[in-house]
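The values are calculated or read from the model by the stated rules, or taken from the named source; none is laboratory data. Just so it is clear, the structure is predicted and the values come from calculations on it, not from any experiment. Cβ atoms come from the backbone with ideal geometry, glycine included; neighbour counts cover every protein chain shown. The protein model used for the area step is the full one, side chains on, heavy atoms only, and it has no ligands, DNA or RNA in it. Shrake-Rupley method; radii C 1.70, N 1.55, O 1.52, S 1.80 Å.
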Amino acid sequence: MTIEPVMDFDTDVFAKWIAQLKPEAVWLGYNSQETAVTLPEPTHRKLAAFAEALLAKGIRVLDKELRGLAMPKDVKRTQG
């Protein structure tokens, strides 16, 4: 599953919804066209908490475009 561009959300509710879908992995990415389109994005802390919640549910999390921000250690970096 790909969540890009990631927009603001309720961490607990969104993590629960995603877990119910039972994806093999979730790719997370911020808006890659941030100068062309402004979207309501979650804070870095909120996105990291979301990634932690998914990891705790046994869901693999992959970094698609997180602008080089530090994420939990089990998030796999796939860009850069």
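Considering only the other residues whose Cβ falls under 15 Å of the Cβ of LEU21, what net charge follows from Lys and Arg at +1 and Asp and Glu at -1? Mind dumping the intermediate values first?
Numbers: positive: LYS16, LYS22, LYS57, ARG60; negative: GLU24.
Combined, the nearby Lys, Arg, Asp and Glu give +3.
In sequence order, what are the phi-derived ³J(HN,Hα) couplings for region 34-51 according to the Karplus relation 6.51 cos²θ - 1.76 cosθ + 1.60 with θ = phi - 60°, rounded to whole Hz, with x for glycine and proline?
Using θ = phi - 60°, the values come out as 4, 7, 8, 9, 9, 10, x, 9, x, 5, 4, 4, 5, 5, 5, 5, 5, 4 Hz.
What does the accessible area per residue of the chain come to in Å², with a 1.4 Å probe and no ligands, DNA or RNA counted?
Values: 5060 Å² over 80 residues.
On a per-residue basis, the chain sits at 63 Å².
By how many degrees, between 0 and 90 and to the nearest 10, does the Cα long axis of helix 11-21 differ from the longest principal axis of the chain?
Long axis of 11-21 versus the principal axis of the chain: about 60 degrees.
Students often check this: by mean Cβ neighbours within 10 Å, which of 52-64, 14-26 ranks highest, and how do the rest follow? Walk me through the numbers on the way to the answer.
Working: 52-64: 16.7, 14-26: 14.0.
Answer by packing, highest mean first, reads 52-64, 14-26.
Stick to the Cα atoms of the chain, pair each with every other, and give me the Kirkwood hydrodynamic radius in Å at one decimal.
Evaluated on the chain, it is 12.6 Å.
Could you please state how large a percent of the accessible area of the chain is carbon and sulfur, counting protein chains only and using a 1.4 Å probe? Intermediate results must be reported in sequence, preceding the final value.
On the way: 2590 of 5060 Å².
Ligands and nucleic acids excluded, carbon and sulfur give 51 percent.
With Cβ to Cβ distances under 15 Å as the rule, what net charge do the other residues near LYS73 carry (K, R +1; D, E -1)?
Working: positive: ARG60, LYS76, ARG77; negative: GLU52, ASP63, ASP74.
After counting each charged neighbour, the total is 0.
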